[in-house]
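> The structure's right below; bear with me while I get my questions together.
The values are calculated or read from the model by the stated rules, or taken from the named source; none is laboratory data. Everything numeric here is computed off the predicted structure, so don't read it as measured data. Every residue, glycine as well, gets a Cβ built from its backbone with ideal geometry; the counts of neighbours run over all protein chains shown. Protein only, heavy atoms only, side chains kept; ligands, DNA and RNA dropped before computing areas. Shrake-Rupley method; radii C 1.70, N 1.55, O 1.52, S 1.80 Å.
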Amino acid sequence: MESSLARYIWKHTWRQQLWILAVVAVSMIPYYLAFDLPKLIVNGPIQGKGFETPGATSTFLDFGFSLPFIGRIDVFPGFQLEREATLFALSMVFLLLVVINGLFKFYINTYKGRLGERMLRRLRFELVDRVLRFPPHHFKRVKSAEVATMVKDEVEPLGGFIGDAFVQPALLGGQALTAMIFIIVQNVWLGLIAALIVAIQLIIIPRMRKRLIRLGRERQLTARELSGRVGEIVDGIGAIHIHDTSNYQRADIAARLGRIFQIRYDLYQWKFLVKFINNFLAQVTPFLFYLIGGYLALHGRLDVGQLVAVIAAYKDLPGPMKELIDWDQARQDVQVKYAQVVEQFSVEPLIDPKMQLLSTDATPPLEAPLAVSSLSVIDDSGAPVIERISLRIEPGETVAIVTSSNGGGEAFAEALVGLVWPTSGKVSIGETDIVDLPEAVKGRRMSYASSDAHLAQTSLRDNLLYGLKHAPLTSVSYDGALGRARAWDVEEARLAGNPDFDLNSDWVDYQSAGATGPDDLFRVIRPILDAVVLTSDILDLGLRKSASPTRHPQLVGRIVELRDALQQRLEAESLTGLIVPFETGSYNREATVGENLLFGAANGPELATRALSANPYFVSILRDAGVDEALYLMGLEIAEQAIELFSDLPPDHPFFQQLSFMTADEIPDYEQLVQRLKGKPYASVVPADRASIVSLSFSYIEPRHRFGLLSDELMAKIVTARELFYANLPETLQGSIQPYDPERYTATASVMDNVLFGRIAHNHPEGPERIRAIVYSILGELGLYDDVLDVGLGFDVGVGGRRLTGAQRQKLEVARVLLKRADFMIFNRPLSALDQRQQEAILQNVLKEATRDERQPTIVWVVTAPAMAESFERVVVFHAGRVVEDGTHATLVKRNGIFKDLLA
């Protein structure tokens, strides 16, 4: 990277910089005229200079110039105006100059702002581009949070400065110089005074600000370290809880925050001292102008118009000078930041950009053997992990890697796909070193899965298809405003040095997956999900998620058919008591009080369970129906029962999973609230406390909680309140809820809730499992199984896939490998979160699925248990970083070697 920020800016923006500098130079003309005009107004029409006689006039807007040997040439003779007209005319010219100067400033600021943001975009892209080209071993030495902080936050100030890098000193310097020249022209002594004060400012203030720069650098470094430390805490939260080191972490963070506080406090003290001195020097000059200039005016050596013009001009001098000094400080500050960023991102050797060039062409299969020649790998401490390994893997061969605890088999698998660079030796396919193989080939014809599955915070579907997104394969048509916006974005991307790839294009390489397009992709995905035993998990996610009418019109349109089919099946199997359906005029005892009151699904926060008890309209309905006090007393009883049962339990106790009224953290708050409300009549309770208590009753289900709080009379009143609620529902809330309708799909409810249209009875412990099995069967019979599976694929997996279990993440990683249909499939203990029986079952499925359609990929699998190696044609045993045995499973079993010892 370019070490000098100024050279970096000039290299990429010199054309734009020259243009804006020319604009700045032109803007100095009206800027100077705006200084001179007040003097003409004061001395001319105001004081009457040139208008001493009645009817005297003055020439206005005359224009001409003088040439040597020729004399003056008048281009336009101007207008003859009397004194009052001249005053109005000059004042209008002054207003015009104000507008012109403002427009120049607007254009310059807008232009340099756009230029700065464009360069910031370029810089951030270059940094991320370099991250994508870091050598694999470097990622073990950097913290992701620190890299993200540098790209996001630490280069942010550079965007504001880049636009000012050349324009700001030219503009501010030009304005200050123009004002200074004007003052000197009016009076030399006043000009020398102003120049002396400016010189003092330029000498003293930058020197004092050097300490500010040093403190700012220390603040940046400590803040970056804090960011990295917080990232470590988040990533290692499990270990912190297990080892009881939370207070040690608090002490560490407190110490770091204390250091940051000291730095920031010193910075503030020094900053405001510099500001005080700068402001003092700026105010001394007007004092001298009034004193000396007034003295000269009293003695006739300076006219009043000149003094007024000098004071007016000086008012515009401290601003540019202060901003110029600020610019110099910002220049030094951002240069330090830029140097630190360059230092962090100057990693050698970077992956050659040619290795990552975009390719939309089909990649020919890799048919050569995988050859490993004298391969050695060391870890960051310099200890050998693999030592001088040589072996050859033929195309289509299936190889099991069996490794002892320090055998090096995992590092060997990483080296096969280039995730670890060899210290010596090489891995090659044919005559090409794997390190020199372009990613357009390696990333399409080779695939890799490990136990540490990387998942992005997006849907299951996007994560599954991630391995197929190599290049934009379709052209998106944009019309009207979208077309203009796209054209503008492409042009800005080009000017910022960014690629103009269209993210809205279809990037999925369907052909590599064995599909012809998006319409038949599911045909390929389904057997792969079955192979990794992930189908039922995704189906469950789909049933718990709401379906989109636009993406899943068939499922939404046939929801009533699904309900009828479920009811018929339950009747056929004599299981009608498993589900209590929602009925308009009756209370559903298996549903919550809140669900019975609303009898619908909330579309927004206005009528969500927590907000319901505080909603003014809903509160009025409860009052009109006569259930407000009853629900309050119910909530109070629930709070007392919950506190008595759960207050002495630790927050992580499994019993809290059964508590639906409140969380473990809320129990102390409710304990205090109950103590405060004891003995208080309902009418005297404040609305906020009343809402907190009433909200507890909304989660109550009599057959589940069995507190005996629901009488037939109360249930009837709740049904009455429901009718009142819908009868008088205001327009502002009509879009906030969708009432239950047996003939319609409820958009905000889950697929399972739509199918059930009721609640599973709590007196059947195995009811949910029975219902789920029946629903699975009905979905298959009606041809809607894949539709619900597609709903499940839309599930957001969360940050790093943490909303999935470890086993689900690993299964998804294996599915991603199978979907790519690569020539070389490398599995590095990919299913370590599963037990051996599950691993063996999935292993057999994967081997079978990988060879579907007469494909013969090369499969290398680092197994977690030696017994799993029986399914492979060849077994390679690693121990102490070396290959100690190599042969078929049967052959190695007969030997009395390490493999047999590991197998035992």
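> Charges at C-beta only: +1 for Lys and Arg, -1 for Asp and Glu. How large is the resulting dipole of the stretch 587-640 about its Cα centre, in Debye rounded to 20?
140 debye
> Now, a different point. Among GLY708, SER404, VAL875, pick out the residue whose Cα is farthest towards the positive end of the charge dipole of the chain, where Lys and Arg carry +1 and Asp and Glu carry -1 on C-beta, about the Cα centre.
Value: SER404.
> Normalise the Cα radius of gyration of the stretch 1-63 by 2.2 N^0.38 Å (N = residues in it) and let me know the number.
Rg over 2.2 N^0.38 Å, computed on Cα atoms: 2.12.
> Here's another thing I want to ask about it. Mind ranking TRP189, TRP10, TRP507, TRP861 by accessible surface for me, highest first, 1.4 Å probe?
Descending order: TRP189, TRP10, TRP507, TRP861.
> Additional query: Mind pulling up the Rg/Rh value for the stretch 693-738? Radius of gyration and Kirkwood radius, both on Cα.
My calculation puts Rg/Rh at 1.07.
> Determine the shape class of the stretch 338-383: with a ≥ b ≥ c the square roots of the Cα gyration tensor eigenvalues, call it rounded for a/c under 1.5, and otherwise prolate if a/b is greater than b/c, oblate otherwise.
Cα axes put the stretch 338-383 in the oblate bin.
> May I pose another question? Over the chain, what relative contact order in percent results from Cα pairs under 8 Å that are six or more residues apart?
It comes to 16 percent, rounded to a whole number.
> Now for a separate question. With the Cα gyration tensor of the stretch 568-679 in hand, convert its eigenvalues to equivalent ellipsoid semi-axes via √(5λ) and list them largest first in whole Å.
They are 29, 22, 13 Å, listed largest first.
> Using a 1.4 angstrom probe on heavy atoms only, work out the carbon and sulfur share of the accessible area of the stretch 372-451 in %.
Whole-percent figure for carbon plus sulfur exposure: 47.
> Next question. Once every DSSP H run of n ≥ 4 in the chain is given -39500 (n - 2.57) and the sum is divided by its residues, what mean residue ellipticity at 222 nm do you get, rounded to the nearest 500 deg cm²/dmol?
-18000 deg cm²/dmol
> Another one. Which of the listed residues, GLN839, PRO650, TYR726, is farthest toward the dipole's positive end in the chain, when Lys, Arg count +1 and Asp, Glu count -1 at the beta-carbon?
PRO650
> How long are the semi-axes of the equivalent ellipsoid of the stretch 839-904, taking √(5λ) for every eigenvalue λ of the Cα gyration tensor, in whole Å from largest down?
Computed over the stretch 839-904, the values are 24, 12, 11 Å.
> Work out the length of the dipole vector of the stretch 778-817 about its Cα centre, built from +1 on the beta-carbon of each Lys and Arg and -1 on the beta-carbon of each Asp and Glu, and round it to the nearest 20 debye.
Approximately 400 debye in magnitude.
> Here is a further query. Could you pull the Cα extents of the stretch 352-433 along its three principal axes, largest to smallest, in whole Å?
Over the stretch 352-433, Cα extents along the principal axes are 42, 31, 19 Å.
> Please give the solvent-accessible surface of LYS678 in Å², to the nearest 10, using a probe radius of 1.4 Å with every protein chain present.
Its accessible surface works out to 120 Å², give or take rounding.
> Sticking with this one: Excluding ligands and nucleic acids, what accessible area in Å² is computed for MET446 using a 1.4 Å probe, to the nearest 10?
Probe radius 1.4 Å; accessible area of MET446 about 10 Å².
> Show the residues, 5+ positions off or on another chain, whose built amide H is closer than 5 Å to the amide H of ILE737.
The list, which skips near neighbours in sequence, is ASN603.
> Considering the stretch 411-471, what Rg and Dmax in Å follow from its alpha-carbon atoms?
13.6, 41
> Straight distance only, please: which lysines reach the Cα of LYS717 with their own Cα at less than 27 Å, same-chain residues fewer than 8 apart left out?
Answer for LYS717, where 27 Å is the Cα cut-off: LYS678, LYS680, listed by chain and number.
> Here's another thing I want to ask about it. Report, please, the projected area of the stretch 18-170 averaged over directions, based on the convex hull of its C-alpha atoms, in nm².
Mean shadow area of the hull around the Cα atoms is 15.0 nm².
> On to the next question. Which whole number in µm²/s is D for the stretch 763-904 by Stokes-Einstein, with the Kirkwood Rh taken over Cα pairs at 25 °C and 0.890 mPa s?
134 µm²/s
> Let me ask another. Evaluate the charge dipole of the chain about its Cα centre and quote only its size in Debye, nearest 20, assuming +1 on the Cβ of each Lys and Arg and -1 on the Cβ of each Asp and Glu.
3440 debye
> Starting from the exponent 0.38 and prefactor 2.2 Å, build the expected Rg for the stretch 695-814 from its residue count and divide its actual Cα Rg by it.
Computed over Cα atoms of the stretch 695-814, the ratio equals 1.42.
> Ignoring ligands, DNA and RNA, what accessible area per residue does the chain give at 1.4 Å, in Å²?
That works out to 50 Å² per residue.
> Also, I was wondering about something else. Counting C-alpha atoms alone, how compact is the chain: give Rg to one decimal and Dmax as a whole number, in angstrom.
Using the Cα atoms of the chain, the pair Rg, Dmax is 38.8, 130 Å.
> State the percentage of accessible surface on the stretch 795-893 attributable to carbon and sulfur atoms; use a 1.4 Å probe and exclude ligands, DNA and RNA.
45 percent
> Could you order PHE125, PHE899 so the one with the most accessible surface comes first? Probe is 1.4 Å.
Greatest to least solvent exposure: PHE125, PHE899.
> OK, next. Might you work out the accessible area of LYS49 for me, using a 1.4 Å probe with all protein chains in place, and round it to the nearest 10 Å²?
LYS49 exposes around 140 Å² with every protein chain in place.
> While we're here: Using square roots of five times the C-alpha gyration tensor eigenvalues, list the equivalent-ellipsoid semi-axes of the stretch 458-566 in whole Å, biggest first.
Sorted largest first and rounded, they come to 35, 20, 13 Å.
> Which listed residue (ALA165, SER227, PHE276) has the Cα farthest towards the positive end of the charge dipole for the stretch 164-279, taking +1 on Lys and Arg C-beta and -1 on Asp and Glu C-beta about the Cα centre?
The one lying farthest along the dipole's positive direction is PHE276.
> Leaving ligands and nucleic acids out of the surface, order HIS138, HIS12 by accessible area at 1.4 Å, largest first.
The ordering from most to least exposed comes out as HIS12, HIS138.
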